[in-house]
Amino acid sequence: MTEAVLEATISAALDGERVDLSVLRRALAQENGRTVLASFVLLRAATAADPIEADERVAARTRATLLRRTRGWFAPRHLAVAASVAAMAVAASFWLGAQWQRAATSPSPTPGVAVAEATRAPQPPSPTRMLQFQPGVDWRDGV
Amino acid sequence: MADIAAADLFARHYRDIYRFLARMTGRRDLADDLSQEVFLHAVRALDSGVGAVRHERGWIFSIARHLLTDHHRREQRRPVAAPPVAESAVGAGQELALELADALGRLPEADREVFLLKEMGGLSYEQIAETCGCTAESVHARLYRTRLALRAMLSV
């Protein structure tokens, strides 16, 4: 078994990948294997200790942009809802317009009723006095 | 996509995505821009019903990698070796971290990428293979070689 195989096995084991345990055991039994493991662990720790970090202000701005996009009126879901509402409004306007036009141009289905309604006289007033005329007294025939 | 989901996605991955991109490009400003693009792409994808994401972390690092590739393509040049980003303060005993960053900048891009996807991204060989479009065996071999190279460069 070559040294390369032993080192590759240590590398994979360090990464949590499935390895041949007997090969790993042999690799770690050797001083060189243990040194390689120590080096790889050190590299991992050094990577974790990398001081590079995102600027907090930039990160906050990015986060805000992200949330504004999901929350704002221009979020795709909101745009879809707005488009649906607009489409329904347009459809409703057309329907109402068509209804109104039809009512304005077509004759009334019962014209007589409409006329009667329009020309109906108000109720006559109740009598307040009675007048009586006597023939020969209040008027005469042939005069 | 709910606000909470977007915020959670950001909280879970932003730091590592930024670090990955900063070390890949060697430029903080570019890492800032690309990181923002990564998350906007992710949210857009989720909004448009990308479906269930099998490995969220692998998926988001794939987006980062694709955007990085697009950036290189736009720039019409091979990516320059990533120089270590200047740090204002380094903790005592942390010099090795900076030496490592410098050594990473001298690695071939493909090696640096696989190493960072493993060590900063915490992706499995399978996920790295999926992200980079290669086999898990190739990831295994490349990682092993990169570690040996870094070991030699840093004398650790």
Checklist outcome for this item: Within the under-12-Å Cβ sphere about B:Ala31, not counting B:Ala31, Lys/Arg +1 and Asp/Glu -1 give a net charge of -2
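Averaged over peptide A:51-64, how many Cβ atoms belonging to another chain are found within 10 Å of each residue's Cβ?
Details: counts 12, 15, 6, 12, 5, 0, 0, 8, 7, 0, 2, 11, 7, 0.
Going residue by residue through A:51-64 and averaging, the value is 6.
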Checklist outcome for this item: Ranked from fewest to most other Cβ atoms within 10 Å of their own Cβ, A:Met130, B:Met24, A:Met1, B:Met120 fall in the order A:Met130, A:Met1, B:Met120, B:Met24
Checklist entry - What is the mean number of Cβ atoms from other protein chains located within 10 Å of the Cβ atom of each residue in peptide A:37-48, rounded to a whole number? => result 6
Checklist entry - Given +1 on the Cβ of Lys and Arg, -1 on the Cβ of Asp and Glu, and no further charges, what dipole in debye does segment A:3-51 carry about its Cα centre, rounded to the nearest 20? => result 160 debye
Checklist outcome for this item: Log entry: pair-distance distribution for segment B:92-156, C-alpha pairs binned every 5 Å from zero, whole % per bin is 4, 18, 29, 23, 15, 9, 3, 1
Item to check | Burial ordering of B:His71, B:His140, fewest other beta-carbon atoms within 10 Å first | outcome: B:His71, B:His140
Checklist entry - If you put +1 on each Lys and Arg Cβ and -1 on each Asp and Glu Cβ, how big is the dipole of segment B:87-156 around its Cα centre, in Debye rounded to 20? => result 220 debye
Checklist entry - Pulled fully out, how much extra length does the chain show between A:Ala49 and A:Asn32, if you take 0.36 nm times their separation in residues and subtract their Cα-Cα distance? => result 3.6 nm
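Values quoted throughout were computed directly from the atomic coordinates according to the rules given, and no laboratory measurement underlies them. Here the structure is a predicted model, which means the values were calculated and not measured. Cβ sites come from the backbone with ideal geometry, for glycine too, and all protein chains shown count toward neighbours.
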